[in-house]
Amino acid sequence: MSEIPILEKLTSKQLEELTSQISSSLSQKQGFRIGESTVVSHYVHSVNPLHPEEIRILVNRDVGQSLAHQKNAGQVIHVDVYHEPALAEIRPLALALAQTVRAYLNYCHKGRDIEPQLRAYYDQIAFRIGEGLETLKEALSPLKEQTDDDQEKDLKKKSHVHLLLTDLAPQHYALIPCLVDAIETELANQKIEIRKVENIFHVEKREQVDQQIFFGLEPDQYRLWNMAMSLSTILSGTDDVIEFLQTFQPGPFRRKQPLSNLRNRNGNLRGLILGIAEAGIIKRGWFADTLTKEGQELLNFMLQHQHELEAQLRRMLRKLPVPRGKYRSIRNTHLKSKQKHYTYISKTTELMKDSWLGSIAVPETLITAAKNKLLEQRPAFRITRDDIQVHNQEISQPVDMCLVLDGSASMVGPKTKAVRYLAEHLFLVTRDKMAVVVFQGRQARVAVPFTRNYSRLKAGLKSLQPRGLTPLADGILQAIKLIKNRQVRNPLLILITDGIPTTGKWTINPQQDALKAAEMIKDTRAKLICIGVASNQKFLEELADQAEGNVYILDSLDDHATLIEIIHKERRSYQY
């Protein structure tokens, strides 16, 4: 019998397959997970302190060259076992690792002397819990045992056990999961909870770049600015961050409402709370978590500079994100505007051709003349025919958009956050009016009427609190009432839902009621886009067919970048 539980559970063939899989991933320069808590690669690992469940593998930073002073890349395997912030005892972990190495070598070399190889492995394996990196041989030293207690008192709580395996032969890669199992078992013995790794990303470590900073800041406030911006992008803006931080205020100023509203809008906040605790913003307590001095400074800073932070967030929202997921489209019609008497004229510039095309673009003409003076080495500055830039007018139709949003309980968290991001982005990058209708519970409501007021839009979006049933038919009817306003131009209805209707409008059949309401859209000036997921694709196809609209099926509705790409694509076809 083996002394390693994981080896007792695996057959020799399974162990061989496991070794082959590890070898294949490492040879392809890919990191991977073992179980739920461990990340393995040849590279440095980075944890976002505000999202500790996400691990970044820095593919241009070899761990051996960065941390173990190796000349060549690929000599060191990096193993990180993640756990909740705690002060782990070093000596028991070192003994558990040593026992595992001995048991593994006994398993591989039955009846033979393993002492020379054992000493070699003790030198090849280094681990770290606190600040220092030491070999297993150093950690097992009797002199080290005498100083461990004093050193552990000075250590701060850590969130992972860090292993470096130097020059480990591929045929012995099965040792890696054995060591991981030993660490997890010892952490459990120390009553330390394992932390689940949700995602790993392979990224390049880039040089530090200057972030856009509000010019009125003092140098020591830059860190607060960057922290405030990071939290504002994780949550849904500065208002949510301020509300979030105020829940941790001690004393009589502590807010009484729970975090449930924030959870509805942003999803599970447990990882974020752990992250800000590690960052020193809050202090964990038995009865309540409270803001630290640094956390109070951050809150005061955000209250003082909220307008500047929001301006920077608006600049970020205007940027077109890169979609992560894929989508499928079912088109019943190519959307075209039914109105032509409203127009936008966008002026672009180009060189004047043979005939006169329009008014001269004076700044562009002067810039072109200055460039040509340098390129052609003209003796003096003058404007020639070749320098003249003229305005080229591009005519487009305005498209006023109405988001018809599913506000049922299934949309809680990241999905609601994604549609809020979508609404704000569309408002900021277009000149069109925006409206939001939310259907939830037993009826629908107009969260935002057609408007070009950004504050009004944000207030309406903040009121989104997913709960209850899915009254889709009433949502469509509310949208139809809105677009009958004469001031609405070329209305485009954008329905976003992850389910099927669960409560009706006229009958006890909610799906038939929704199809009947969708058919009414054909009698209006509006066009319909339906966005959903695979589980409600069949119903959305029927719905879009009734309204002569189009359907898009996504992998997930929490991908705001893909939502934005779809709407821009349809809007362009409707606009020109």
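For region 280-305, which positions are open to solvent by 40 Å² or more (accessible area, probe 1.4 Å) and in contact with an Asp or Glu (Cβ under 9 Å, 6 or more places away or on another chain)? Within region 280-305, Lys283 is the sole residue that qualifies.
Out of Leu540, Leu528, Leu554, Leu495, which single residue is in contact with a Ser or Thr (Cβ under 7 Å, 6 or more places away or on another chain) and aliphatic (A, V, I, L, M)? Quick ask: steps written out before the conclusion?
Values: Leu540 fails: in contact with a Ser or Thr (Cβ under 7 Å, 6 or more places away or on another chain); Leu528 fails: in contact with a Ser or Thr (Cβ under 7 Å, 6 or more places away or on another chain); Leu495 fails: in contact with a Ser or Thr (Cβ under 7 Å, 6 or more places away or on another chain).
Residue meeting the stated conditions: Leu554.
Residue check: is Val419 open to solvent by less than 10 Å² (accessible area, probe 1.4 Å), touching a strand residue (DSSP E or B) at 6+ places or on another chain (Cβ under 8 Å), assigned by the TED database to the domain that holds Gln537 and farther than 22 Å from Thr524 by Cβ? Spell out how you get there, then give the answer.
Numbers: open to solvent by less than 10 Å² (accessible area, probe 1.4 Å): yes; touching a strand residue (DSSP E or B) at 6+ places or on another chain (Cβ under 8 Å): yes; assigned by the TED database to the domain that holds Gln537: yes; farther than 22 Å from Thr524 by Cβ: yes.
Judged against the criteria, Val419 is a match.
Quick one: which helices (runs of 4 or more DSSP H) lie wholly within region 248-330 and hold at least 2 residues that are modelled with pLDDT of 80 or more? Passing ranges, in order: 270-278, 293-304, 306-318. At least 2 residues being open to solvent by 60 Å² or more (accessible area, probe 1.4 Å) is the threshold, and among the strands (runs of 3 or more DSSP E) wholly inside region 19-86 those reaching it are 51-62. Considering the conditions (1) more than 22 Å from Met411 (Cβ to Cβ); (2) of a type in the set (A, V, I, L, M, F, W, C); (3) modelled with pLDDT of 85 or more, Ile564 is excluded by exactly one of them, (1).
Beta carbons closer than 7 Å, at least 6 apart along the sequence or on distinct chains, pair a first residue in region 269-281 that is more than 14 Å from Met227 (Cβ to Cβ) with a second that is crowded, with 19+ Cβ neighbours inside 10 Å for Leu269/Leu262; Gly271/Pro52; Leu274/Pro52.
The values are calculated or read from the model by the stated rules, or taken from the named source; none is laboratory data. None of these values were measured; they are calculated from a predicted model. Positions of Cβ are backbone-derived with ideal geometry, glycine not excepted, and every protein chain shown enters the neighbour counts. Accessible surface is based on the protein model in full, side chains and every heavy atom, while ligands, DNA and RNA are left aside. Shrake-Rupley method; radii C 1.70, N 1.55, O 1.52, S 1.80 Å.
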